[in-house]
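Down below is the structure, laid out as structure tokens.
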Amino acid sequence: LSLAERVELSARISVEVVAYAKRLTDPPVRSPLPAPAVAESLVASGDGRSYGVQMMLRHAPSRSWSGWITWTISRSERGAAGGELRRFEYDQPHVLALVLTRYLGAWTVGTRLRYATGSPRTPVIGASYDLLADRYEPIFGPLLASRLPAFAQLDLRADYGIGLGPG
């Protein structure tokens with residue numbers, strides 16, 4: 001389910017808001033068996049949901065420049081069928097992106113700066129030493145109770161068109 005609204009503030013500036021919700025039926029989850037066969041460690045019997053809102057401001061000041069900024073606020077949860085839902089391993093509640101594109105004849109060059117909150121993780125709260133294996137084994141805290149640090153990413157892009165238009 002999604003609901004969107006786009007408003008043209010001027011000939012070159014627009015704002016768009018999209019709200020969405022998705023229910024997942026039978027996504028893969030870990031098998032409830034204590035020792036499943038390797039090929040049966042995941043079974044398609046889970047529940048899940050994703051929901052959020054994305055806001056976008058687009059600006060095209062001229063024919064040779066365009067850009068936009070987006071902010072997405074979301075939540076993604078998964079769990080065993082009939083069980084309690086928990087954060088999905090790739091849940092990122094906040095994603096901010098800034099895109100700038102320049103058109104130079106047959107060339108298009110651009111950049112994207114992206115900032116996102118880190119994915120959930122299960123913290124290691126200690127360790128025990130396994131004398132027989134001569135190694136430390138982690139002691140895990142609550143499942144997906146902390147997050148990796150937020151991160152930023154910068155992408156650069158260049159395209160050259162070779163005249164493959166409608167023929």
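Tell me which of these Ser10 doesn't satisfy, since it passes every other one: (1) open to solvent by less than 80 Å² (accessible area, probe 1.4 Å); (2) assigned to a strand (DSSP E or B).
Tallying (1) open to solvent by less than 80 Å² (accessible area, probe 1.4 Å); (2) assigned to a strand (DSSP E or B), Ser10 fails exactly one: (2).
Against the definition (out of contact with any helix residue (DSSP H, G or I) (no Cβ under 6 Å at 6 or more places or on another chain) and modelled with pLDDT of 95 or more), how does Ala145 come out, yes or no?
Criteria not met by Ala145.
Collect the residues in the range 40-85 that are open to solvent by less than 50 Å² (accessible area, probe 1.4 Å) and among the charged types (D, E, K, R), keeping them in residue-number order.
Asp47, Glu77, Arg78
Given the options Val109, Val95, name the one that is surrounded by 12 or more Cβ atoms within 10 Å (Cβ to Cβ), closer than 30 Å to Gly163 by Cβ and not small (Gly, Ala, Ser). Working first, answer last.
On the way: Val95 fails: closer than 30 Å to Gly163 by Cβ.
Selected residue: Val109, the only one of Val109, Val95 that is surrounded by 12 or more Cβ atoms within 10 Å (Cβ to Cβ), closer than 30 Å to Gly163 by Cβ and not small (Gly, Ala, Ser).
Among the strands (runs of 3 or more DSSP E) contained in the range 97-143, which hold 2 or more residues that are touching a residue at least 40 places away in the same chain (Cβ under 8 Å) and not acidic (Asp, Glu)? Don't jump to the end; show me each part of the working.
Values: elements: 107-116, 124-130, 135-140.
Passing ranges, in order: 107-116.
For the range 144-158, which positions are surrounded by 11 or more Cβ atoms within 10 Å (Cβ to Cβ) and either of a type outside the set (A, V, I, L, M, F, W, C) or not in a strand (DSSP E or B) (or both)?
Leu144, Ala145, Ser146, Arg147, Leu148, Ala150, Asp155, Arg157
One line per residue, one yes/no per condition, for (1) under 29 Å from Ala21 (Cβ atoms); (2) among the hydroxyl-bearing types (Ser, Thr, Tyr); (3) out of contact with any Leu (no Cβ under 9 Å at 6 or more places or on another chain):
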position	(1), (2), (3)
Pro61	no, no, yes
Thr72	yes, yes, no
Arg75	yes, no, yes
Leu85	yes, no, yes
Val99	yes, no, no
Pro120	yes, no, no
Val124	no, no, yes
Arg147	yes, no, yes
Gly161	no, no, yes
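Working only within the range 61-84, note down all residues that are within 22 Å of Pro27 (Cα to Cα) and either charged (D, E, K, R) or modelled with pLDDT under 90 (or both).
Taking the range 61-84 and keeping what is within 22 Å of Pro27 (Cα to Cα), we get 74-84.
Selection gives Arg75, Glu77, Arg78, Gly79, Ala80, Ala81, Gly82, Gly83, Glu84.
Ser31 passes all but one of (1) free of Cβ contacts under 8 Å to residues at least 24 places away in the same chain; (2) in contact with an Asp or Glu (Cβ under 7 Å, 6 or more places away or on another chain); (3) open to solvent by 50 Å² or more (accessible area, probe 1.4 Å); which number fails?
(3)
The values are calculated or read from the model by the stated rules, or taken from the named source; none is laboratory data. Everything quoted here is computed from the prediction, not taken from an experiment. Note that each Cβ is placed from the backbone with ideal geometry, even for glycine, and that neighbours are counted across all protein chains shown. Ligands, DNA and RNA are excluded from the accessible area calculation, which covers all protein heavy atoms including side chains. Shrake-Rupley method; radii C 1.70, N 1.55, O 1.52, S 1.80 Å.
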